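Right, one structure below, let's go through it.
The values are calculated or read from the model by the stated rules, or taken from the named source; none is laboratory data. Because the structure is predicted, anything quoted here is derived from the model rather than measured. Cβ atoms come from the backbone with ideal geometry, glycine included; neighbour counts cover every protein chain shown.
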Amino acid sequence: MRAFVVLSSVFLLLFSLLLYPFCNYFEAKYQKFFFLDGTKIYNLSKEIFAKQEFIYNKSKNKNFNKEIEAVLKKYDDELKFLKIKEKNQKILKENIAKVLEKKYRQDKIKKEENLKNLAKYINSKKVVFDENLSVILIGDSIMHGIGWGFSNKKVKVENIAKSSTGLVNKKFFNWQDKLSQALQNAPKNSIIIAHFGTNDGYSINHNGQRLKFGSSQWNEFYKSRVNEIYNISKKYDKNIFWLEIPCMKKSNFDKNMKIINKILKASAKENHAKFIEINEAICKNDEYLQSKIIGNKKRILRSDDGIHLSTFGAKVVVEFIIEEIEKNPFN
């Protein structure tokens with residue numbers, strides 16, 4: 001196939017050169033450019049080669065494509081019965097296709113087993129926000145406020161978020177123990193949504209050592225605390241979605257939260273969990289917004305303290321969370 005592509009390109013080049021004398025005549029007669037110059041020949045050859053290469057790769061992976069299409073067809077039928085917005089269905093199917101292809105190429109097992117595992121994996125991740133879903137909210141006062149945004153949703157919500165808490169100081173409040181207790185009797189069809197960090201931006205003493213906030217030692221310590229939460233969710237076989245800390249009004253505080261966000265995002269990736277960047281919904285280019293115009297009306301997004309969300313801001317964030325999870329529950 002590659003040899004065919006090369007020979008085709010060479011033939012095209014030679015054919016164009018042979019036409020050169022005739023082109024000169026027609027150019028002079030009609031004052032029109034007929035001949036392909038070197039740049040155009042190169043670009044055309046490159047385009048033809050790219051198309052032939054695509055055909056080569058497609059034929060090479062013919063069986064792979066057929067199997068993937070079969071799995072996608074299965075989910076296409078299933079998605080018709082899900083209560084997901086039509087636009088989200090389309091995006092979800094595209095993301096399923098990406099996951100299928102990525103995992104299909106990575107896993108070193110038989111194809112038949114691979115496809116079964118992929119189907120199982122997708123079913124385990126798929127989330128529909130309806131009356132059959134239970135949502136467990138964990139975190140600090142920002143998460144407690146986000147709970148207001150679920151007030152008009154059909155899902156069952158257990159908001160166990162607690163003000164002034166975080167992951168650093170277990171003596172004040174132990175979230176690892178609290179989450180374990182909450183998951184012991186949690187419904188089978190339930191997910192966890194987490195928000196931590198607002199109360200964690202300070203230096204600490206740990207095992208006789210002073211860990212300065214933002215240092216590599218502090219970052220590793222905080223990462224270990226985050227991983228403890230992930231490990232508990234895995235133990236009880238629950239999907240967890242971690243929220244970004246929103247942009248803050250005070251620049252120094254915002255800078256500290258960005259340090260924590262970096263750790264949270266990396267931890268989510270390592271634990272194959274979805275990190276939801278809520279700043280897209282309530283900030284502008286990661287900069288703080290107190291309010292914004294929606295439908296020719298000024299709507300307040302944040303509280304006066306420059307930290308928490310307003311009731312309307314919470315609703316905006318919840319709508320964003322649902323959209324993000326429904327259309328792409330994968331990390």
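For this structure, a couple of remarks:
- Restricted to segment 129-151, and to residues there that are free of Cβ contacts under 8 Å to residues at least 40 places away in the same chain and surrounded by fewer than 19 Cβ atoms within 10 Å (Cβ to Cβ), the residue that is nearest to TRP242 (Cα to Cα) is SER151.
- VAL157 being in a loop (DSSP other than H, G, I, E, B) and either closer than 22 Å to GLU326 by Cβ or modelled with pLDDT of 90 or more (or both): no
- Filtering GLY306, GLY295, GLY313 for residues that are at pLDDT 95 or above and loosely packed, with under 15 Cβ neighbours inside 10 Å leaves a single hit, GLY306.
- Subset of segment 156-187 (residues that are touching a Lys or Arg at 6+ places or on another chain (Cβ under 8 Å), surrounded by 20 or more Cβ atoms within 10 Å (Cβ to Cβ) and within 20 Å of LYS234 (Cα to Cα)): LEU167
- The one condition in (1) loosely packed, with under 15 Cβ neighbours inside 10 Å; (2) assigned to a strand (DSSP E or B) that PHE275 fails to fulfil: (1)
- For segment 188-225, residues that are crowded, with 17+ Cβ neighbours inside 10 Å, in contact with a Gly (Cβ under 7 Å, 6 or more places away or on another chain) and among the aromatic types (Phe, Trp, Tyr) total 1.
- Qualifying residue in segment 229-252 (condition: buried (at least 20 other Cβ atoms within 10 Å of the Cβ), of a type in the set (Phe, Trp, Tyr) and either assigned to a helix (DSSP H, G or I) or more than 23 Å from the chain's Cα centre (by Cα) (or both)): no
- Annotation: of all residues in segment 196-218 being in contact with a Leu (Cβ under 8 Å, 6 or more places away or on another chain) and not charged (D, E, K, R), the one that is farthest from ILE240 (Cα to Cα) is ASN205.
- Scanning segment 256-265 finds one or more residues that are farther than 21 Å from GLY306 by Cα, outside any loop (DSSP other than H, G, I, E, B) and hydrophobic (A, V, I, L, M, F, W, C).
- Residue list for segment 210-263, filter: polar (S, T, N, Q) and modelled with pLDDT of 95 or more: SER215, SER216, GLN217, ASN219, SER224, ASN227, ASN231, SER233, SER251, ASN252, ASN256, ASN261
- Top-ranked residue in segment 107-151 [being basic (Lys, Arg) and in a helix (DSSP H, G or I); ranked as modelled with the highest pLDDT]: LYS125
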